[in-house]
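Have a look at the structure below before the remarks.
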Amino acid sequence: MCGIFGCIMKQGNAAPIIRASLKRLEYRGYDSVGVATIQDGKIYVKKDQGKIDDVHSILNLDDLPGNLGIGHTRWATHGAPLKINAHPHSDCTGQIVVVHNGIIENFSELKLELENNGHKFVSKTDTEVIAHLIEENLRKNPELELANAVLEAVKRLEGSYAVAVISTREPDKIICARNESPLVLGISENAVYCASDIPAFLPFTNKVVLINDGEFIILSSKGYEIRRINDFSIVAREPEIVDWTPEMAVKQGYPHFMIKEIHEQPATLRNTLRMQEHYLDLISTFLDRAREVFLVACGTSYHACLAASYMFSKLAFLPTYPVYASEFMEQHGKSVNIDSTILAVSQSGETADTLAAVTCAQQRAATILGLTNVIGSTLTRVSRVYVGQQSGPEIGVAATKTFTSQLSVLAQLALRLSKKRGKISQDEMDDIAERLEKLPDIVETIIQTQKEKAKQLAKKYKDAKTFFFLGRGVSTATAYEGRLKLMEIAYIPSIAFPAGESKHGPISLIEAGLPVVFICAKDGAHKTLIGNIMEMKARGASIIAIVEEGDEEIKALSDDYVEVPKGIPEVLSPIPFAIPLQLLAYYMALEKGLNPDTPRNLAKSVTVK
Ligand code: M6R
């Protein structure tokens with residue numbers, strides 16, 4: 001997730017507007033910043049790694065000349081957060097510059113083709129191919145208009161993009177295109193704007209044109225023209241008036257970041273399906289060769305590891321040890337060695353406990369692999385190989401979208417490993433891979449159809465003093481995650497166990513009306529789980545079941561239920577089943593008058609041991 005911005009001013013310089021607008025998009029990423037403007041047939045660029053204010057204090061981003069320009073604030077996905085990878089990126093001649101938010105899946109093929117045609121690349125980004133593709137189109141056909149050269153370029157892109165392009169060839173235009181990455185236009189008396197999000201230009205105008213996937217924009221001082229990428233046909237769309245306050249705008253109209261981030265999951269899950277194959281392959285090769293594999297993490301990331309231990313076992317027959325990072329040294333510090341492999345999972349890549357475990361393992365010559373959301377974080381620097389989960393910045397303290405993305409990446413690793421080891425049939429692997437592709441839509445359906453249900457449950461159970469969360473198999477991880485969400489933002493003491501363990505102690509807490517949430521994936525443990533539900537029901541517990549649609553048996557036993565679509569493979573079930581639990585925690589916090597974004601005593605990134 002990056003922020004792009006562009007503007008054409010009727011009066012005055014563009015650069016100060018671009019810098020101020022990028023600042024309002026900084027929540028989308030802050031690894032580097034860059035601005036490009038045009039004046040008198042020349043392109044001016046300033047960019048560097050770091051946050052906008054820091055870069056501005058050194059480079060003075062405002063003093064670029066010209067009334068037209070584009071800018072970018074970056075959340076690194078392809079290429080480290082260094083100056084060389086900062087946008088805008090340009091072609092070989094420096095006459096075309098591009099800013100981009102998204103992931104170009106076929107960039108390696110395109111890059112190779114362009115390099116074979118003599119193009120020189122300077123960055124490690126996927127974005128740079130766009131500038132060279134446009135240049136190539138113009139080389140082949142010098143008569144082409146800039147818009148057509150950009151159009152032909154974007155037609156070759158696979159993946160997600162919102163791009164803005166400027167060129168000295170037509171210095172009065174900004175050309176944009178969108179596929180699966182957000183893009184909006186702002187229209188005022190004095191200017192036209194394009195941006196990843198409305199807050200960027202909200203102080204200047206509330207007249208907004210929303211751009212859809214597959215659309216192409218030509219911005220000029222005369223206004224905007226929207227066309228369809230596939231046939232270049234014109235789209236007529238009038239601006240709408242948005243009456244958001246700046247604070248609402250940053251949250252895209254949602255009252256809290258947490259619910260905004262819950263809603264982002266279909267998009268973030270789609271992004272995880274665009275991982276760089278090469279790194280997934282490398283990591284699975286290391287896992288395959290390891291004598292022992294520890295999955296090390298804290299909090300929600302630990303729950304992703306716990307779920308992953310079931311995935312690796314069931315799909316690749318690889319035993320792994322999920323370990324709380326804070327316990328790693330005590331538990332395994334003496335035995336970890338050159339034959340051990342640590343897969344450290346950390347959204348922030350900065351969690352002190354996780355890094356301490358990594359250091360301990362590294363000192364004993366173990367191999368360190370990383371999965372993180374923050375490219376450039378300490379975890380990426382200390383890992384032999386790492387993979388970025390590409391979820392974009394998460395601002396709510398409670399991890400939501402980053403959890404489901406971690407699960408998706410870990411499932412992909414397990415599938416790759418399975419293929420290497422040949423442990424399950426090709427048909428089974430294909431089926432799981434296909435269903436993984438469908439999960440973004442499934443998650444979208446769950447959010448749309450079950451939000452009200454979660455709201456009602458929160459109302460009904462808001463005075464409960466304690467909650468239980470139970471599941472069997474991989475659903476144990478989901479149960480732990482449901483408990484953590486409810487505890488951390490709604491402050492309700494909660495207990496989670498593998499359902500089979502509850503009769504060994506925790507069941508003594510059950511009394512009439514105590515809510516017990518059962519995670520009821522349709523898996524091999526389903527029958528046994530029904531027995532566990534009966535045990536709780538017999539003692540007066542209120543059963544809240546998260547079930548697959550059509551699971552009439554469990555629905556009949558429950559006081560309340562939330563449904564997720566049918567046919568989800570067991571190993572993938574934590575992704576859809578986590579969604580109702582996130583929603584329940586969110587609405588429970590609201591019922592209790594709490595701000596779910598800023599729970600007491602917690603920080604987004606815990607950098608103390
Ligand atoms: O950045 P990390 O993934 O390493 O963070 C780990 C935990 O601190 C984090 O998951 C925490 O438990 C969240 N508040 C959970 O919502």
Sort all Cα-Cα distances of the stretch 32-88 into consecutive 10 angstrom bins from zero, then give the percent of pairs in each bin up to the one containing the longest distance.
26, 51, 21, 2
Taking other Cβ within 10 Å of each residue's Cβ, how do Glu143, Glu591, Glu189 sort, fewest first?
Glu143, Glu189, Glu591
The chain, relative contact order [Cα under 8 Å, separation at least 6], %
11 percent
Ranked by how many other beta carbons lie within 10 Å on average, peptides 215-224, 122-131 from highest:
122-131, 215-224
Viscosity 0.890 mPa s, temperature 25 °C: Stokes-Einstein D of the stretch 404-461 from its Kirkwood Cα radius, in µm² per second?
182 µm²/s
Row for the chain, column shape: gyration tensor on C-alpha, a ≥ b ≥ c, rounded if a/c < 1.5 i.e. under 1.5, prolate if a/b over b/c, else oblate; value prolate
Is the C-alpha gyration tensor of the stretch 3-250 telling us rounded, prolate or oblate? Criteria: a/c under 1.5 is rounded; beyond that, a/b larger than b/c is prolate, otherwise oblate.
rounded
Cα to Cα, under 15 Å, and not fewer than 8 places away if on the same chain: which aspartates and glutamates meet these conditions relative to Lys455?
Asp463, Asp560, Glu563, Glu591
To make sure I understand, if each residue's beta carbon is the centre and we count other beta carbons within 10 Å, what order do Ser284, Ser196, Ser542 fall in, fewest to most?
Ser542, Ser284, Ser196
Using 25 Å as the Cα-Cα cut-off, could you pick out the over-long pairs in Lys10/Lys124; Lys47/Lys124; Lys459/Lys555?
Lys10/Lys124
For a protection proxy built on the mean count of beta-carbon atoms within 10 angstrom, sort 8-19, 565-576, 233-244 highest first, please.
565-576, 8-19, 233-244
According to the square roots a ≥ b ≥ c of the eigenvalues of the Cα gyration tensor, what is the shape class of the stretch 16-123, taking rounded for a/c under 1.5, prolate for a/b larger than b/c otherwise, and oblate for the remainder?
oblate
Please report the base-10 log of the normalised intensity I(q)/I(0) for the stretch 379-534, using a Debye sum with one equal scatterer per alpha carbon and no solvent, at each q in 0.08, 0.14, 0.17, 0.18 (1/Å).
-0.31, -0.93, -1.25, -1.33
Which Rg and Dmax, in Å, describe the Cα atoms of the stretch 99-213?
15.1, 46
Per-residue ³J(HN,Hα) for the stretch 435-446, Karplus 6.51 cos²θ - 1.76 cosθ + 1.60, θ = phi - 60°, Hz, x for Gly and Pro
6, 4, 5, 8, 4, x, 5, 4, 5, 4, 4, 4
Take Leu602, Leu417, Leu295 and order them by how many other Cβ atoms sit within 10 Å, fewest up front.
Leu602, Leu417, Leu295
Using only the alpha-carbon atoms of the stretch 457-609 as identical scatterers, what base-10 log of I(q)/I(0) does the Debye formula give at q = 0.08, 0.14, 0.17, 0.21 Å⁻¹?
-0.21, -0.64, -0.93, -1.35
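Values in this text are rule-based calculations from the coordinates and carry no lab data. If you're wondering where the values come from, they're calculated on a predicted model, not measured in any experiment. Cβ sites come from the backbone with ideal geometry, for glycine too, and all protein chains shown count toward neighbours.
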